[in-house]
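The values are calculated or read from the model by the stated rules, or taken from the named source; none is laboratory data. Given the structure is predicted, the values throughout are model-derived calculations rather than measurements. Counting neighbours? That spans all protein chains shown, and the Cβs are built from the backbone with ideal geometry, glycine included.
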């Protein structure tokens, strides 16, 4: 026997989560959600974590789900608390991350009559959720089951809205139940239905006849199988594989710094680079240059491989293979033949030349954001998890080769800066790897409540590249021509030192290359609390160095 909420609907919600193998719930405090707080806290099958700020809590849960590849539940009280989940829900929707949002609500007769802490909660996330369950009583178990099944199988966010009338805190003893939940192996291909071979052969015939084939890989969870499969494909000289750091695959024959390759192209090279076939997989693409290139010089055929959805990013999508990339390649590989071509070799030679220019420039350039990334990316210990914030951070990282043993993640579903730190904290909590999070100053201060969290491991490391504002807006020509640059860049003189004191982080700071190299010597060493390194870079010089860098690639 154990204590449980007396409310039967709350008992059903908790029981369904247990039966469907929800292992973690992130709870934000409140009163209307008291029956569910009591229920989840009493569960011996679900780990209940407490994070006060709902927006941070949602991204924290997203980081856990990102790493475990399993659904994580969120629980909040009624009213505006629920709306703070929305940024993370949108990110989960576009990044295929399973979140189960559970919100307490007032009963329908108390909505829109002037009762406190009450809004219209039903279907509030309907544009960015896979399913919305609006419960009435314990007989709605089928709706809870349906929501959980969709989150698990389709890998995305669902919303379960649960109305409670008072009393809220009553408890009763109920019988303990044994769960017989069969765990499915992660990343299994056994549940997938293979493609029809005869139908697939039609595409293989087009593939085999083409001498310029491009494979473009966006954000992808690390996969040894996918790594092996793409290594096989680059044995074909007509195949060029382009990756981003968040693809979590690497090979000397892969183009890993797309903008570095494309930026200096002359007009004839733009046409020469145009593929006959574009085969894309993985999540959303960071590189703006490849988007422009493939929209202006469209492939004859664009095929996307993904079990769930296909975005027409380049306005040329002609077919969607609704299957995992791993199962697709395991079938497709045996139908393909190598084609004589200089397509791959030509661009690999260009990659080699770009890398030489890159190294010469970075070795001698002034202390700046670019120089800092060269130093910090090479300092990260092997087999760490690397979390990146958005804006300039992810784009600078794309210019560099990084240790192939690192696992790299970034919230590219919506590309927002709002919850990057909270996501990294959640990922660090869920991972058994040391985690390094690189962020910009605006992103860090925006999400500073991420440090208000009791679950940050001691091996978590934050590196802030503090250039005194939104540095990306100095590189984009529009804001500087608008006579309102300060409203885009939002310059400031803040540092993280007091936040670190308040949240018990070790703090260190570097203002130049000598100080940075010194601070990095012990930064990754074991410690009894997490650490933060703040690197101050010259706000008005960073864009000059970056523009000179790209100009150097052209010369």
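A few comments on the model shown:
- The helices (runs of 4 or more DSSP H) found entirely in the stretch 1-75 that carry 3 or more residues being at pLDDT 95 or above, more than 20 Å from residue 426 (Cα to Cα) and not assigned by TED's automatic domain parsing to the domain that holds residue 446 are 8-19, 34-42.
- Hey, residue 97 in a loop (DSSP other than H, G, I, E, B) and at pLDDT 95 or above or not: yes
- Just one of the listed residues (89, 64, 97, 102) is under 22 Å from residue 24 (Cβ atoms) and out of contact with any strand residue (DSSP E or B) (no Cβ under 8 Å at 6 or more places or on another chain), namely 97.
- Residue match in the stretch 227-248 (condition: in contact with a helix residue (DSSP H, G or I) (Cβ under 8 Å, 6 or more places away or on another chain), surrounded by fewer than 15 Cβ atoms within 10 Å (Cβ to Cβ), farther than 16 Å from residue 350 by Cα and assigned by TED's automatic domain parsing to the domain that holds residue 326): yes
- Within the stretch 286-313, the set of residues being touching a strand residue (DSSP E or B) at 6+ places or on another chain (Cβ under 7 Å) and under 21 Å from residue 91 (Cα atoms) comprises 304, 305, 306, 310.
- Filter pass, residue 315 being surrounded by fewer than 22 Cβ atoms within 10 Å (Cβ to Cβ), free of Cβ contacts under 8 Å to residues at least 40 places away in the same chain, outside any helix (DSSP H, G or I) and more than 23 Å from the chain's Cα centre (by Cα): yes
- Entirely in the stretch 448-555, the helices (runs of 4 or more DSSP H) that have 2 or more residues that are at pLDDT 95 or above and surrounded by fewer than 15 Cβ atoms within 10 Å (Cβ to Cβ): 497-503, 513-523
- Filtering 250, 257 for residues that are closer than 24 Å to residue 360 by Cβ and touching a strand residue (DSSP E or B) at 6+ places or on another chain (Cβ under 9 Å) leaves a single hit, 250.
- Single unsatisfied condition, residue 130 versus (1) touching a residue at least 60 places away in the same chain (Cβ under 8 Å); (2) in contact with a strand residue (DSSP E or B) (Cβ under 9 Å, 6 or more places away or on another chain): (1)
- Taking residues in the stretch 413-435 that are on the phi > 0 side of the Ramachandran plot, and partners anywhere that are surrounded by fewer than 24 Cβ atoms within 10 Å (Cβ to Cβ), the pairs with Cβ atoms closer than 6 Å and at least 6 places apart or on different chains are 415/390.
- Every listed requirement among (1) buried (at least 16 other Cβ atoms within 10 Å of the Cβ); (2) modelled with pLDDT under 95; (3) within 30 Å of residue 191 (Cα to Cα) is met by residue 178 save one, (1).
- Number of the exception - residue 417 against (1) in contact with a strand residue (DSSP E or B) (Cβ under 8 Å, 6 or more places away or on another chain); (2) part of a loop (DSSP other than H, G, I, E, B); (3) closer than 30 Å to residue 270 by Cα: (3)
- Set 276, 267: member being without any contact (Cβ under 8 Å) to a residue 24 or more places away in the chain and either farther than 25 Å from residue 91 by Cβ or crowded, with 19+ Cβ neighbours inside 10 Å (or both): 267
- Taken over the stretch 113-127, the criterion of being part of a loop (DSSP other than H, G, I, E, B) and either in contact with a strand residue (DSSP E or B) (Cβ under 6 Å, 6 or more places away or on another chain) or free of Cβ contacts under 8 Å to residues at least 40 places away in the same chain (or both) is satisfied by 113, 114, 115, 116, 120, 121, 122, 123, 125.
- Given (1) modelled with pLDDT of 85 or more; (2) within 19 Å of residue 84 (Cα to Cα); (3) surrounded by fewer than 18 Cβ atoms within 10 Å (Cβ to Cβ), number of the condition residue 116 does not satisfy: (1)
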